[in-house]
Every structure is written in structure tokens, then in C-alpha cells.
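A short write-up of the structure that comes next.
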């Protein structure tokens, strides 16, 4: 990325840590890592001369000179792996005659891609785990912070802010589960040759030798070995992208809810704005929640990458239909997910919770106590055994409250068939919604405890 792009967009589409994994130099380095493992095993099995293997291994460095040679050969050959091999021959010399004996392009490029994905997945796992723990910490801190629960953006029933945060933590925890479940299906190496049958390797080593070669190369790379060729298996590479898209959808949803809660007429949370921060070129008063808006945009881009991965249709066992998609969708998904995770973590870390306003909004003067209607209905049901009647009457009372601008408590007291069931003291207790949060606090504690018990599983290294 050029300096001009850095100035205009900065790290909008990725974090510096993740960006380093997806440079041309990093990509070539992973291809060389695969080739190095293959050469080492071939020399150990007597397939190629040890002296040549030593020379080859010593020459496997993706420095700028090599990258320059490869760019030249790409223009000449029009094929990435052919250019890679020609550039290596230029730098290695005669020993290169024993380089890349048997594998095909997809063996090197796909396995190298998986190595990059594995490193990227570790970063995403760490970031996701950190966000999960932050949500757990803040959920416990806000366990008893009363707020109005909303459905359809309307007042519904009381809940606590800790309950909201814990529900997000549980959702993040499920994404970590999905990452773990998917890894064995995509963290695989490939040493299969032209059409996947290891033909050249069998000619040189026999059937058992060819299978042993593949096993040993995969072990060196700490990858699983497939039972059958995976060159045409786009599904295995699409799955981790779909997991990232699902994670980003959650991050986008969190961001949207925080943006809603930050609206001036709600004002239940506040973002941190620097003294020199400015959100509009013309309106000096503006304080826009732009980081969370960017997260939603990134989530939509990652979703499009996942959709594109699913749209790949190859005419043969494999072809180049997938090449531009893999080089764009997979790095892009990891980059943007890392950026979205970073943004949400930073936002939640510094978020100010306006507990006083949350409490005040429960009894908002324009809602007129109507959020107590369910509690009154249950009280009437307990007294009369008539839930349907109670629901109908309180729905009528809520309508009268809205139309007349009178508090629901006053309306109920003026309805003789309802008032006769309550004392004034009982109504006072029923309209005190701070005591009507159900099992919210218990659910928070159980959820955080279970997440923390399970978090050790997610921190284990993969194969």
C-alpha cells in the first residue's frame, strides 16, 4: 500500500500485525516453507541428492532481489509458480534441477496459503478471546445496572446492561467454538501432484513411499494430512471465511446497538472523544460514532467475501477461476476481521456507562409506566387465574395511558374492576421496576463462569 493510501485510509482495512502476514514477501516465504519441507523429506528418503538439498535450502529466502526476479518472470511466463521456479533457478544455480520434483502448483500455493491462514487465525483467536474476556469483565461490573430492555426499538421490559454484555460474550464464545471446529477441516497440507494421484512420486518412491512422503512433509509443517487429494475442495477454504463473516456480523450488531444507545435522546453510553477530535467539516457540534459505523461496513465486506467463496465454480478438477478470489477474499477477510475486532475492543474498553440515564429511561416520562404492564398482568393472573382477561384489560389501559398522557398507574386505579385487586402499597411495589429483572443477574454469572471454564480450550494451539 502506498504512502498516499496510508495517509487517506490508514489501517481501516486491517491492523499492522495482520497486514504483515499478507505481503508479497510473506506469501513467497510460506511457499518457500512448503518447498523447504518437501526438499528436506525428499533428501531424507534418498529421492534427491543431499548436497543439492542443502544448496536449495540455503537459497530459499524471499528477499527483494528474489521478488524482483519473480516479477520479471511473471511478466514473461504469465504463471505465478513457473515464475517462482524460474526466479529460484536464477538464484540457486544447478542445484535447482532437484527443486520442485513432483508437486504441482496447488500443492505449494494452497499449502502456503494454509500456513498464512493458520498464523492469521491465531491472531483472530487471540483478539476474539480478549474481546470475550473484556465483555465478561464489564458484564459482571454492570450486572445490576438497570436499563430498559427494548424490542423493535421500543420499551419492552427491564433488564440490566450486564445482561446485554453477557449475551454478547456468549455469542463471541460460540464463534470461538466454530473456529475450533473448523480448523481440522482446513489446516491440511497437500503433496498430491498434477491431478492429485501422486503419479510422479510413485514413479520415484513407490506407492507406500509416496504416501510416506506426504505424511512426513505435513508433519514438518504441523498440518494434517488429507486422506484424498483436496485440490478441488473450495469448501474447506470457504468455511473459515464464513466463520469470519459470522463473527463480523456479530461485531456489526454490537456496534449498531452501541450507536443506538449513544444517540443524544437515549444517551445511555458515551464514547471517548479526544480534545482535538472533530466529526464534521461543517457542524462543530458533531460527535459521530464512526468507529462502530466502520465495523458494520467491514462486516458487509467480509460477508461479500464469504459469498464469493461459495460462488466459485470450477470447470475442471481445478482451474484459475479461484485464483483471484483466494488472493482477495481470504486475506481481505482476515484483515478486515482483525480491524473490526480491534475497533470494538477499543470502543468497549473506553465506553462510559451512564447508569443514571439508564435508570431514568426505565421510567421515561413519555412511557408513563407502561413497561410495568406485564408485571401487573402476572399479578392479576395470580389473583384471578384469568391471564387472557388481564392481558386484554391492561392492553386497553396502556392505550388509554398513551392517548391521554396519564401514567398507567393512575389509569389502573381509575378502572374499578382492576383497582379492587390492588392496594396502593401493592401498586407501588409493582411499578418499582428495579425489582423486575427476572433471572438476569443469575444468567450473567452462569454465562461468565461457563465461558471462563471453556476459554482454556480455545487457547490451545492447533496442529
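The values are calculated or read from the model by the stated rules, or taken from the named source; none is laboratory data. Keep in mind that this is a model prediction, so the values were computed, not measured. Reconstructed Cβ throughout: ideal geometry from the backbone, glycine too, with neighbour counts over all protein chains shown.
The residues of the range 205-232 that are surrounded by fewer than 18 Cβ atoms within 10 Å (Cβ to Cβ) and more than 24 Å from residue 319 (Cα to Cα), listed by number, are 206, 207, 208, 209, 211, 212, 215, 219, 220, 222.
The set of residues in the range 73-96 being surrounded by fewer than 14 Cβ atoms within 10 Å (Cβ to Cβ) and either assigned to a helix (DSSP H, G or I) or in contact with a strand residue (DSSP E or B) (Cβ under 6 Å, 6 or more places away or on another chain) (or both) consists of 75, 76, 94.
Counted as qualifying within the range 348-463 are the helices (runs of 4 or more DSSP H) with 1 or more residues that are exposed (fewer than 13 other Cβ atoms within 10 Å of the Cβ), namely 355-362, 373-384, 387-404, 416-419, 424-430, 440-458. Checked against (1) part of a loop (DSSP other than H, G, I, E, B); (2) crowded, with 22+ Cβ neighbours inside 10 Å, residue 194 passes all but condition (2). In this structure, is residue 222 over 30 Å from residue 304 (Cβ atoms) and part of a loop (DSSP other than H, G, I, E, B)? Yes: the conditions hold for residue 222. Just one of the listed residues (287, 263) is surrounded by fewer than 17 Cβ atoms within 10 Å (Cβ to Cβ) and at pLDDT 90 or above, namely 263.
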